[in-house]
Amino acid sequence: MQFVQDSQVQSRFSNGFPKAIELLCPHCVAQALFEARHWQEHGRQVAAADAACPRCEGVVVLVQLLDGHDHARPAALYSDPPSPLREAMPGIERLRELSAPLGRTYESALKLYNHTEWGPAALMVRHLLEGLATRLLGDDRRELPLARQLEALHQDIDTARPLQDIGPLLAPGGAFGREFEDEAAIDQATAGQLLALAEQLISYLVVLPEAMAELKGRIATAPVPLRRGAVVADATSARRPGRGG
Ligand SMILES: [Zn+2]
């Protein structure tokens, strides 16, 4: 279920129910104008309708919350299944703090992806990775090709740093250790910080390595698309057009 902005509603019925809604189709991943049909109210609180994609005929369910008087509530329309739009990753502001241009490159890649411009999105991601590696690596490695830069990252970045100095916090004399002397006196702020520390550790030690391994596994087992003209190029040793060195 996904929130639909009022600006996506292109026309309405006289009772305010959405009629034509612009959505990124979750089935064919194209922008399309969906026409709602058969709005049905349920208990004066909610109405539902279905709408078919004019391109692929895939069906989307629309859910509209009501104001209790049979009228549509503004900014209360939802669609299901959700569109495949990607939202910015949590913590993206840290990237902007590291480098504002890198933050903008990430936003451009996301925007291109959400406009279904797959090729330009992928090129922008490559540009992002190059920029990130160059920003994080020492001067002597900045001229390396991207693959070598990525390999060099773990040498130039202290990946153990997030784990340092955690032990002393929990030692009997440490900031958290002292708090445990009187469990009843622990306040919300301390409990919240301790929980956040545990969550970040779990994320760093358990979630991230597992997620990276799973993603790499999926990349490694994905079928390799046959390149257009590959056979011709092999037979004639001709270079692919438009790909200058
Ligand atoms: Zn469609």
*Within the range 78-91, identify whether any single residue is in a helix (DSSP H, G or I) and either over 30 Å from Cys53 (Cα atoms) or not assigned by TED's automatic domain parsing to the domain that holds Asp50 (or both), and answer yes or no.*
no
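Give the range 28-50 a look and list any residue that's under 26 Å from the mean Cα position of the chain (by Cα) and part of a strand (DSSP E or B), or say none.
Keep residues of the range 28-50 that are under 26 Å from the mean Cα position of the chain (by Cα), which gives 28-34.
The answer is Gln31, Ala32, Leu33, Phe34.
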*May I ask you to verify whether Cys25 is within 23 Å of the chain's Cα centre (by Cα), within 16 Å of the ligand (Cβ to nearest atom) and outside the structural domain of Ala133 (by TED's automatic domain parsing)?*
yes
*Can you name every residue in the range 72-97 that is free of Cβ contacts under 8 Å to residues at least 60 places away in the same chain and exposed (fewer than 13 other Cβ atoms within 10 Å of the Cβ)?*
Arg86, Glu87, Ala88, Met89, Pro90, Gly91, Glu93, Arg94, Glu97
*Pick from the range 33-49 the residues that are within 16 Å of the ligand (Cβ to nearest atom) and in contact (Cβ under 8 Å) with a residue 24 or more places away in the chain: which of them is surrounded by the fewest Cβ atoms within 10 Å (Cβ to Cβ)?*
Ala36
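The values are calculated or read from the model by the stated rules, or taken from the named source; none is laboratory data. It should be emphasised that the depicted structure is a prediction, and the values quoted were computed from it without experimental measurement. Backbone-built Cβ (ideal geometry, glycine too); neighbour counts: all protein chains shown.
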